[in-house]
C-alpha cells in the first residue's frame with residue numbers, strides 16, 4: 001500500500017488528485033468548533049500528506065500539529081510548500097493501522113479520506129483501536145469518507161461508502177456523535193464527489 005501511494009504522489013502534482021481542495025473549509029470549521037479556539041490543542045491530521053489543512057491551521061495560529069501519511073513523497077510535498085514553517089510541524093510517515101502513538105497524545109484526530117480505503121475489517125478495527133489509544137479522554141474525532149453517492153473507487157483502489165449513521169457505527173458507542181455533515185467536493189477535473197463528515201467526542205470511559 002505504501003508503494004501505491006508513493007507512486008501516486010510521485011507521478012501527480014498535488015492539485016491533480018481528485019480529493020485536492022485549496023482549502024478544506026468543512027474540516028476547518030469542525031476543527032475550530034472542536035478546539036473552541038484553543039490554539040495549543042494537539043491535533044493530528046491522519047492522511048494529511050500534501051493536504052493544505054496544515055497550512056490553514058498554521059495561518060489560524062495552531063501550534064501543536066502532527067501530520068501523518070503513509071507516503072513520504074506526500075509529506076515532502078507539504079514540507080516544501082511550507083518552507084521554514086514546516087519546522088513547527090511534527091511529520092510522521094506511517095500506516096495509520098500500524099502506527100504506534102503515545103497514549104493520550106491528541107486533543108483532536110482528523111481524517112479526511114483515509115478511513116474509506118480500509119476495506120479489510122481488521123484494518124478498520126486496528127484504526128479505531130489507535131484512535132481510542134491516541135486521543136485524550138473526552139477528546140475530539142473528525143472523520144470524513146465518501147458518502148453513499150460518492151465514488152466506489154479512488155486512485156485505482158476500492159473504497160467503502162458510508163452515510164453518517166454507518167460511519168458512526170464503525171466507531172461504536174465509545175464515540176458520542178456531536179454533528180454530521182454532507183459535502184459536495186468539486187474535484188480539479190470539474191466533477192463532484194460526495195463526502196460525509198462525522199464529528200464525535202471520545203467518552204472518557206473508553207479505555
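With contacts taken as Cα pairs under 8 Å at a separation of at least 6 residues, region 57-169 carries a relative contact order of 23 percent.
What ranking, highest mean first, results for peptides 4-14, 72-82 when packing means the other Cβ atoms within 10 Å averaged over each residue? Write out the running numbers ahead of the final one.
Values: 4-14: 14.7, 72-82: 17.8.
By packing density, highest mean first, the sequence is 72-82, 4-14.
When DSSP beta bridges are limited to those with both residues in the chain, what percentage is antiparallel, rounded to the nearest 5? Mind dumping the intermediate values first?
On the way: 20 of 38 bridges.
Just about 55 percent of them are antiparallel.
What ranking do 119-129, 21-31 get when scored by the average of other Cβ atoms within 10 Å per residue, highest first? Kindly include the intermediate steps, with their values, before the conclusion.
Numbers: 119-129: 14.2, 21-31: 17.8.
Result, highest mean first: 21-31, 119-129.
Under the criterion of Cα pairs below 8 Å and six or more residues apart, the relative contact order for the chain equals 20 percent. Among 155-166, 137-148, the peptide with the highest mean count of other Cβ atoms within 10 Å heads the list, and the full ranking is 137-148, 155-166. One Cα centroid belongs to region 1-80, the other to region 81-127; the line between them spans 10 Å.
Note on the chain: helix-only mean residue ellipticity at 222 nm, from DSSP H runs of 4+ residues weighted -39500 (n - 2.57) and normalised by residue number, equals -8500 deg cm²/dmol.
Here, each number is a calculation from the coordinates, and none is a lab measurement. Because the structure is a prediction, the values reported are computed rather than measured. Positions of Cβ are generated from backbone atoms using ideal geometry, with glycine treated the same way; all protein chains shown enter the neighbour counts.
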